[in-house]
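Okay, structure first, notes after.
The values are calculated or read from the model by the stated rules, or taken from the named source; none is laboratory data. Fair warning: this is a prediction, and the values are worked out from it, not measured in the lab. Because the Cβ atoms are built from the backbone with ideal geometry, glycine has one as well, and the counts that use them run over all protein chains shown.
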Amino acid sequence: MNENKNKKKIRKASLVSGDKIAETVYDKQKQQTQFVIYKDEGINFLEKIKQGENEIFPLDARSDIVSKEVVLLPSAPVEYGTEMELIVDIQEFIHKYVDISPAFEQIASYYVLFSWIYDRFSEVPYLRAIGDFGSGKSRFLQTIGSICYRPIFTGGATTTAPIFRILDEIRGTLILDEADLRSSDMTQDIIKILNMGYQKGGTVLRMQGKELLEMRAFEVFSPKIIATRETFNDKALESRFLIEEMGRGKLRDDIPRRLSNDFWDKTLELRNKLLMWRFRNYQKELKFDDRPVEGVQPRLQQIIMPLLAVIGSKEVKESLREFIKKYDIELTADRGLSRESDIIFAILKLEHDKEKKQVTVGEIAEQMNQDIFDFEEKLTPRKIGWYLRAKMQLKSYKTRKGYVLDLLQNRERLDFWKERYGITDEDIKGEHENDVNVVEDSESNIPTAEELGF
């Protein structure tokens, strides 16, 4: 008897076993959680579930996570009509409360839907609002985040430790405002979560215990919606986001300036409808659209595949494809401003202008620095050598002249970086060469004095 009394309760947010799904629901009025079980179109509510010798309980209604609505839960599954009616309902809600572009309204609506079965997928994309103070980023997070699958709002977090734990326990959608990044250490921890959390099985190792001697792997795979004022320096991380720029124009007059009880009532209604949608669609076969989006880098292709799998409308699929094409152009242009892109451009320029087969690191530095007038901004051959080895995986070798880069040996890697940074042959040839051609053509058409009668 004492053994059972002292036995710690096992609590889980949800259980999936065969054709049965159990989800935690929360009755705010009664301050009570239960499991709701769905099987063969039937709905049952249970206080606990027997699993072998163990008894599994839903999330604790008295915990701060639930009672203080750090995590928003549905209260019961309800009918939603057709899937298209549900999508329209979601999009109308988003349109009412947040000012974003029509294309992103559609993408966000399907992202919400996707989040409710994200655990069927191997990878997840992220959503992000980017803009200055007062541009509507917080409203973006509240509106879209509050109807996603088990949204986790991190506003009260003073360190990242609780974020690791709650993600591992709840397995829901992380909603993160840049205001939560109170220190550089927190920023680095969040970047770890974002870098590892886009792929199933993604974990982050942390030391815990009184003397930090116990290692724990935290599961961080889940959808994530964040808001920032600036982009991340990590360009690989940047490519995992579908981004909406906020505050590009005057705020629509019909957007409510404050959120009333009607807003929160509607979010609960939509979570309840989406819970029923999860129950009915979780076991369905996923149909992936494997057609590549022309001209878009593989990583971006990768992040839109899950969304395309839940989008039924051909029109919306095409809208997403066009959106990702534009984003890829912006991302490539942004990469083109990096030091690495300058180095690649300098190498290709030396190859073209001087017909080089090999270039020294010193020649690359001289080519790069000729237009840099601030001494502190100039790159030394030593620094360029580090970039070549550590950042770009280009192999140089030592000679009497210094370190030399063989262009033929590194051709494949050079072509890779050329494409990635959006460097064209016209860029390498330069404006001057084109201008000369234009002048020559113009001069050849200028009439002589004799032709003009002089």
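Give VAL66, VAL16, VAL78 a once-over and let me know the one that is part of a loop (DSSP other than H, G, I, E, B) and either touching a Leu at 6+ places or on another chain (Cβ under 7 Å) or not small (Gly, Ala, Ser) (or both). Even if it seems obvious, please write down each step before you answer.
Values: VAL66 fails: part of a loop (DSSP other than H, G, I, E, B); VAL16 fails: part of a loop (DSSP other than H, G, I, E, B).
Within the list VAL66, VAL16, VAL78, the selection yields VAL78.
Return the residue satisfying two criteria in turn: it lies in the range 273-328 and is part of a helix (DSSP H, G or I) and of a type in the set (Phe, Trp, Tyr), and of such residues it is farthest from TYR149 (Cα to Cα). Only one residue tops the list, namely TYR327. Residues in the range 251-270 that are over 22 Å from LEU86 (Cβ atoms) and surrounded by fewer than 13 Cβ atoms within 10 Å (Cβ to Cβ): ARG252, ASP253, ASP254, PRO256, ARG257, ARG258, SER260, ASN261.
The test for being in the same structural domain as ASP89 (by TED's automatic domain parsing) and closer than 24 Å to VAL36 by Cβ does not hold for ASN261. Among the residues making up the range 388-416, those that are aromatic (Phe, Trp, Tyr) and surrounded by 11 or more Cβ atoms within 10 Å (Cβ to Cβ) are TYR403, PHE416. Inspection of the range 59-70 finds a residue satisfying the criterion of being crowded, with 20+ Cβ neighbours inside 10 Å and at pLDDT 95 or above.
Results for (1) under 20 Å from ILE65 (Cα atoms); (2) assigned by TED's automatic domain parsing to the domain that holds GLU318; (3) crowded, with 20+ Cβ neighbours inside 10 Å; (4) not acidic (Asp, Glu), shown as yes or no for each residue.
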site: ALA103; (1), (2), (3), (4): no, yes, no, yes
site: TYR110; (1), (2), (3), (4): no, yes, yes, yes
site: TRP116; (1), (2), (3), (4): yes, yes, yes, yes
site: TYR126; (1), (2), (3), (4): no, yes, yes, yes
site: THR143; (1), (2), (3), (4): yes, yes, yes, yes
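Kindly check whether there is at least one residue in the range 94-105 that is under 24 Å from the mean Cα position of the chain (by Cα) and among the small types (Gly, Ala, Ser). Yes, the range 94-105 contains at least one residue that is under 24 Å from the mean Cα position of the chain (by Cα) and among the small types (Gly, Ala, Ser).
Residues that are in a strand (DSSP E or B), out of contact with any strand residue (DSSP E or B) (no Cβ under 7 Å at 6 or more places or on another chain) and surrounded by 12 or more Cβ atoms within 10 Å (Cβ to Cβ) were ranked within the range 19-54; the one that is modelled with the lowest pLDDT is GLN51. Taken over the range 210-250, the criterion of being modelled with pLDDT under 85, surrounded by 15 or more Cβ atoms within 10 Å (Cβ to Cβ) and not hydroxyl-bearing (Ser, Thr, Tyr) is satisfied by PHE232, LYS235, LEU237, GLU238, GLY247.
Looking at GLU355, GLU440, GLU366, which one is at pLDDT 80 or above, in a helix (DSSP H, G or I) and farther than 25 Å from ILE329 by Cβ? Being at pLDDT 80 or above, in a helix (DSSP H, G or I) and farther than 25 Å from ILE329 by Cβ holds for just one of GLU355, GLU440, GLU366, which is GLU366.
Residues that are touching a residue at least 40 places away in the same chain (Cβ under 8 Å) and not in a helix (DSSP H, G or I) were ranked within the range 81-101; the one that is surrounded by the most Cβ atoms within 10 Å (Cβ to Cβ) is VAL98.
Quick check: is even one residue across the range 199-206 in a helix (DSSP H, G or I) and modelled with pLDDT of 90 or more?
no
Restricted to the range 154-177, and to residues there that are buried (at least 17 other Cβ atoms within 10 Å of the Cβ) and farther than 26 Å from ILE56 by Cβ, the residue that is modelled with the lowest pLDDT is ALA157.
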